[in-house]
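K.L.:
I have a structure here, written as structure tokens, and I will follow up with some questions on it.
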Amino acid sequence: MDKTRPMSKLCPVAKKCGGCQLSNMNYQEQLSWKMSREISLLKRFGRVEEIIGMDDPFHYRAKVQAAFGFTRGGEVISGIYQSNCHRIVKVDSCAIEDRIADNIILTVRRLVKSMKIPVFDENSMTGCVRHVLVRRSFTTGQVLVVIVTGDRSFPSKKNLVNTLIEKHPEITTVVRNVNGGRTSMVLGDFNEPLYGDGYITDELCGCRFRISAASFYQVNPVQTEILYNKAMEFAALKDTDTVFDAYCGVGTIGLIAAKRAGKVIGVELSADAVRDAKVNARLNGTENAEFYNADAGKFLTEAAGKIRPDVLFLDPPRAGSDKRFLSAAVAAAPERIVYVSCAPDTLARDLGFLTANGYKVRKIQPVDMFPHTAHIETVVLMSRVKD
């Protein structure tokens with residue numbers, strides 16, 4: 001696709017969907033806008049390096065999810081919820097989503113229609129197929145398909161799965177998830193493998209990661225590799241370093257760091273994510289990384305005097321970190337802090353706290369993880385100011 005043209009000229013549903021907030025700009029204009037935002041929020045801490053963009057900023061999303069519904073005339077549709085409302089915009093293909101994933105979702109839509117499988121109705125809370133989620137590994141080629149149903153009934157289940165595999169032999173595993181609640185969440189708690197093992201494996205920065213239906217995993221593998229390699233470069237790890245990995249998720253940053261450091265301690269509030277992290281450690285034969293299910297701030301506070309990290313990685317959600325954790329981090333006094341942020345406004349707030357409490361920003365590197373949207377990832381290196 002032509003990155004010199006705005007998305008609004010390339011995508012027929014760009015304005016109706018609203019998912020690409022910068023659709024009125026071409027790609028170079030988007031990068032300039034993001035740089036301006038970064039500079040306006042972060043220049044008081046130091047020089048902001050030029051944002052790292054994508055050579056090909058299209059079809060980068062390796063995780064694709066579609067809501068299923070029907071029109072007033074009864075036509076089965078699948079697509080994206082329109083911005084600021086719960087109306088489904090019918091999407092056959094999306095300029096930022098993986099093409100293979102989009103084609104699989106289209107096939108499911110056709111099979112649901114031809115097999116007369118009822119689509120879930122959120123008004124009456126009846127019906128079957130509610131969402132379809134597809135994850136594809138760009139490195140191994142493995143594909144996970146998750147079919148979300150409104151309850152445990154699933155007419156023509158075997159027929160649908162067998163036909164889907166026949167039409168898309170690249171599919172590695174199919175999982176049925178059940179979500180019967182009145183919620184905007186896509187997935188429920190119940191998962192049932194219908195074909196394959198229920199997970200796929202991806203490779204990132206020399207490590208292997210197992211990805212299941214509910215795993216948190218970055219959706220842009222090309223830029224994630226750049227982002228995490230930059231984080232490792234900033235950390236300048238030595239084989240004698242002890243690393244604390246806050247908000248560790250499924251262990252991506254921690255396990256990559258473990259290849260360079262002496263010891264890694266990862267902490268995450270989600271029990272499912274910690275379980276995945278431990279599996280991923282075994283998958284990589286990593287023996288110098290430990291993962292704990294706990295609040296990171298509380299864990300650091302209680303470990304004071306027992307754990308003295310040399311390097312602290314933190315990769316919090318968009319809301320950023322909180323004062324409890326940041327205070328614990330300052331008290332732990334790591335030599336270096338590498339902050340991986342997905343929201344420059346909360347990053348600026350947290351950097352303000354850390355720079356007021358003994359740390360200095362050394363490097364700021366934005367990365368365009370989500371082209372055509374307003375989101376920006378940033379890696380920041382901080383070091384402790386000597387007394």
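K.L.:
Could you tell me whether any residue of segment 77-99 is modelled with pLDDT of 95 or more, touching a helix residue (DSSP H, G or I) at 6+ places or on another chain (Cβ under 6 Å) and closer than 30 Å to residue 168 by Cβ?
P.N.:
yes
K.L.:
Consider residue 229 carefully, then state whether it is surrounded by fewer than 19 Cβ atoms within 10 Å (Cβ to Cβ), touching a residue at least 24 places away in the same chain (Cβ under 8 Å) and within 18 Å of residue 338 (Cα to Cα).
P.N.:
On the way: surrounded by fewer than 19 Cβ atoms within 10 Å (Cβ to Cβ): yes; touching a residue at least 24 places away in the same chain (Cβ under 8 Å): yes; within 18 Å of residue 338 (Cα to Cα): yes.
In short, yes.
K.L.:
Any residue in segment 318-337 that is surrounded by fewer than 18 Cβ atoms within 10 Å (Cβ to Cβ) and of a type in the set (S, T, N, Q)?
P.N.:
Within segment 318-337, one or more residues are surrounded by fewer than 18 Cβ atoms within 10 Å (Cβ to Cβ) and of a type in the set (S, T, N, Q).
K.L.:
What's the number of the only condition in (1) modelled with pLDDT under 90; (2) among the polar types (S, T, N, Q); (3) part of a loop (DSSP other than H, G, I, E, B) that residue 301 fails to meet?
P.N.:
(3)
K.L.:
Considering each of 181, 262, 196, 249 in turn, give the residue that is modelled with pLDDT under 95 and either in the same structural domain as residue 143 (by TED's automatic domain parsing) or out of contact with any helix residue (DSSP H, G or I) (no Cβ under 8 Å at 6 or more places or on another chain) (or both). Spell out the reasoning first.
P.N.:
Details: 262 fails: modelled with pLDDT under 95; 196 fails: modelled with pLDDT under 95; 249 fails: either in the same structural domain as residue 143 (by TED's automatic domain parsing) or out of contact with any helix residue (DSSP H, G or I) (no Cβ under 8 Å at 6 or more places or on another chain) (or both).
Of 181, 262, 196, 249, the one residue that is modelled with pLDDT under 95 and either in the same structural domain as residue 143 (by TED's automatic domain parsing) or out of contact with any helix residue (DSSP H, G or I) (no Cβ under 8 Å at 6 or more places or on another chain) (or both) is 181.
K.L.:
May I ask you to list the residues in segment 286-298 that are assigned to a strand (DSSP E or B) and in contact with a strand residue (DSSP E or B) (Cβ under 6 Å, 6 or more places away or on another chain)? I'd like the intermediate steps shown before the answer.
P.N.:
Restricting attention to segment 286-298, the residues satisfying the condition of being assigned to a strand (DSSP E or B) are 289-293.
289, 290, 291, 292, listed by residue number.
K.L.:
Does segment 372-387 hold any residues that are under 16 Å from the mean Cα position of the chain (by Cα) and either free of Cβ contacts under 8 Å to residues at least 24 places away in the same chain or not in a strand (DSSP E or B) (or both), and which are they?
P.N.:
373, 374, 375, 376
K.L.:
Would you check if there is a residue in segment 314-321 being closer than 20 Å to residue 294 by Cα, part of a helix (DSSP H, G or I) and modelled with pLDDT under 95? Talk me through it step by step, then tell me what you get.
P.N.:
Pass one, segment 314-321, residues closer than 20 Å to residue 294 by Cα: 314-321.
The next check asks that each one be part of a helix (DSSP H, G or I); those that pass are none.
No, segment 314-321 contains no residue that is closer than 20 Å to residue 294 by Cα, part of a helix (DSSP H, G or I) and modelled with pLDDT under 95.
K.L.:
Moving on. Going by what's in this entry, would residue 89 be described as surrounded by fewer than 21 Cβ atoms within 10 Å (Cβ to Cβ), in contact with an Asp or Glu (Cβ under 9 Å, 6 or more places away or on another chain) and either more than 23 Å from residue 221 (Cα to Cα) or without any contact (Cβ under 8 Å) to a residue 12 or more places away in the chain (or both)? Reasoning before the result, please.
P.N.:
Details: surrounded by fewer than 21 Cβ atoms within 10 Å (Cβ to Cβ): yes; in contact with an Asp or Glu (Cβ under 9 Å, 6 or more places away or on another chain): no; either more than 23 Å from residue 221 (Cα to Cα) or without any contact (Cβ under 8 Å) to a residue 12 or more places away in the chain (or both): yes.
The answer is no for residue 89.
K.L.:
Please count how many residues of segment 340-373 are within 19 Å of residue 63 (Cβ to Cβ) and either among the aliphatic types (A, V, I, L, M) or surrounded by fewer than 16 Cβ atoms within 10 Å (Cβ to Cβ) (or both). Quick ask: steps written out before the conclusion?
P.N.:
We begin by selecting, within segment 340-373, every residue within 19 Å of residue 63 (Cβ to Cβ); these are 340, 342, 367-373.
Adding the requirement that they be either among the aliphatic types (A, V, I, L, M) or surrounded by fewer than 16 Cβ atoms within 10 Å (Cβ to Cβ) (or both) leaves 340, 367, 369.
So the count comes out to 3.
K.L.:
Search segment 137-155 for residues being aliphatic (A, V, I, L, M) and closer than 9 Å to residue 176 by Cα, and hand back the single one that is surrounded by the most Cβ atoms within 10 Å (Cβ to Cβ). Lay out the reasoning, then the answer.
P.N.:
Looking only at segment 137-155, we keep the residues that are aliphatic (A, V, I, L, M), and these are 143-148.
Restricting the remaining residues to those that are closer than 9 Å to residue 176 by Cα gives 145-148.
Numbers: 145: 29, 146: 23, 147: 27, 148: 26.
So the residue we want is 145.
K.L.:
List every residue pair whose Cβ atoms sit under 7 Å apart, with the two residues 6 or more apart in sequence or on different chains, where the first one lies in segment 160-178 and is within 17 Å of residue 193 (Cβ to Cβ) and the second, anywhere, is in a strand (DSSP E or B) and of a type in the set (Asp, Glu).
P.N.:
The qualifying pairs are 175/192; 176/192.
K.L.:
Taking the conditions exactly as written (in contact with a Phe, Trp or Tyr (Cβ under 6 Å, 6 or more places away or on another chain), touching a residue at least 40 places away in the same chain (Cβ under 8 Å) and surrounded by fewer than 22 Cβ atoms within 10 Å (Cβ to Cβ)), does residue 129 satisfy them or not?
P.N.:
Values: in contact with a Phe, Trp or Tyr (Cβ under 6 Å, 6 or more places away or on another chain): yes; touching a residue at least 40 places away in the same chain (Cβ under 8 Å): yes; surrounded by fewer than 22 Cβ atoms within 10 Å (Cβ to Cβ): no.
Here the answer is no, as residue 129 does not meet what is asked.
K.L.:
Quick one: in segment 112-127, of everything that is among the small types (Gly, Ala, Ser) and in a loop (DSSP other than H, G, I, E, B), which residue is nearest to residue 153 (Cα to Cα)?
P.N.:
Residues of segment 112-127 that are among the small types (Gly, Ala, Ser), as a first pass: 114, 124, 127.
Narrowing further to those that are in a loop (DSSP other than H, G, I, E, B): 124, 127.
Working: 124: 16, 127: 9 Å.
In this case the residue turns out to be 127.
K.L.:
Do the conditions hold for residue 348, that is, is it within 30 Å of residue 18 (Cα to Cα) and modelled with pLDDT of 95 or more? Reasoning before the result, please.
P.N.:
Numbers: within 30 Å of residue 18 (Cα to Cα): yes; modelled with pLDDT of 95 or more: yes.
It is true that residue 348 is within 30 Å of residue 18 (Cα to Cα) and modelled with pLDDT of 95 or more.
The values are calculated or read from the model by the stated rules, or taken from the named source; none is laboratory data. Small disclaimer: the values here were computed from a predicted structure and weren't measured. Glycine gets a Cβ as well: all are built from the backbone with ideal geometry, and neighbour counts include every protein chain shown.
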